[in-house]
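In what follows, a structure is listed as structure tokens, so that the remarks can point back to it.
The values are calculated or read from the model by the stated rules, or taken from the named source; none is laboratory data. Just so it is clear, the model here is predicted, and its values are computed rather than measured. Cβ placement follows ideal geometry from the backbone for every residue including glycine, while neighbour counts extend to all protein chains displayed. The protein model used for the area step is the full one, side chains on, heavy atoms only, and it has no ligands, DNA or RNA in it. Shrake-Rupley method; radii C 1.70, N 1.55, O 1.52, S 1.80 Å.
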Amino acid sequence: CVGDSITEGIGATRADQYSYPAQLQRLLGEGYAVHNYGASGMTLLAEGDYPYIRQERYAASLACPCDAVILMLGTNDSKPQNWRFQEWYLSELTEMIRTYQSLPSRPQVYVATSPVVFQSIDGITDGVVSGEIVPLQKEAARHTGCRVIDINALTRGHEAWTVDGIHPSDEGYA
């Protein structure tokens, strides 16, 4: 599981139990190993303030002999200081997907859309996330033959599933 604070489990009472990667591990059982490569504050955009591709967790995720990758990066890209580089988002997401697809293990890559933003924090707004980033996430998935996990659609109308209008609660992670 690759992503930002939402993947990492920020907002959960215990990320090791309630983050979506931890819950996915429970659902899949002992025959699977789910790894959480989420890192708080990260952007997909290389020109963003905290690019995921420059993090140790990115390198570690590339070294993992995985069968599947769930990729959710975009919420922090919506911040004004990052979104000014929006013309690069589609190509950089497509490139990241292809990087994972070309790993020796040839994993199935899933693009998880960013969830609905119910409260603007640090310049993160739903207008940019749902209106601009999510369509680009879906377009990158189409270009690369990935399946989409539409977290945006699943979270619409469920503000109670968040702790701060952005990060899921334990129930939201479920």
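Key figures
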{"read-out": "Inter-residue pairs, beta-carbon under 7 Å, first under 16 Å from Thr75 (Cα atoms) and in region 151-174, second of a type in the set (Gly, Ala, Ser) and in a helix (DSSP H, G or I), 6+ apart", "value": "Asn152/Ser130; Thr162/Gly172; His167/Ser5"}
{"read-out": "Filtered residue count, region 111-132, keeping only those that are more than 13 Å from Arg156 (Cα to Cα), aliphatic (A, V, I, L, M) and in a helix (DSSP H, G or I)", "value": "1"}
{"read-out": "Residue ranges of helices (runs of 4 or more DSSP H) in region 1-81 with at least 2 members surrounded by fewer than 19 Cβ atoms within 10 Å (Cβ to Cβ)", "value": "15-18, 20-28, 56-63"}
{"read-out": "Number of positions in region 110-135 that are under 21 Å from Asp49 (Cβ atoms) and open to solvent by 30 Å² or more (accessible area, probe 1.4 Å)", "value": "8"}
{"read-out": "Yes/no for Tyr52 being closer than 22 Å to Ser78 by Cβ and hydroxyl-bearing (Ser, Thr, Tyr)", "value": "yes"}
{"read-out": "Residues of region 24-50 satisfying the condition of being without any contact (Cβ under 8 Å) to a residue 40 or more places away in the chain and under 13 Å from the mean Cα position of the chain (by Cα)", "value": "Asn36, Tyr37, Gly38, Ala39, Ser40, Gly41, Met42, Thr43"}
{"read-out": "Matching residues in region 152-172 - criterion: being under 10 Å from Phe118 (Cα atoms), part of a loop (DSSP other than H, G, I, E, B) and open to solvent by 80 Å² or more (accessible area, probe 1.4 Å)", "value": "Arg156"}
{"read-out": "Region 84-109 - residue that is in contact (Cβ under 8 Å) with a residue 12 or more places away in the chain and charged (D, E, K, R) and, of those, least open to solvent (accessible area, probe 1.4 Å)", "value": "Glu92"}
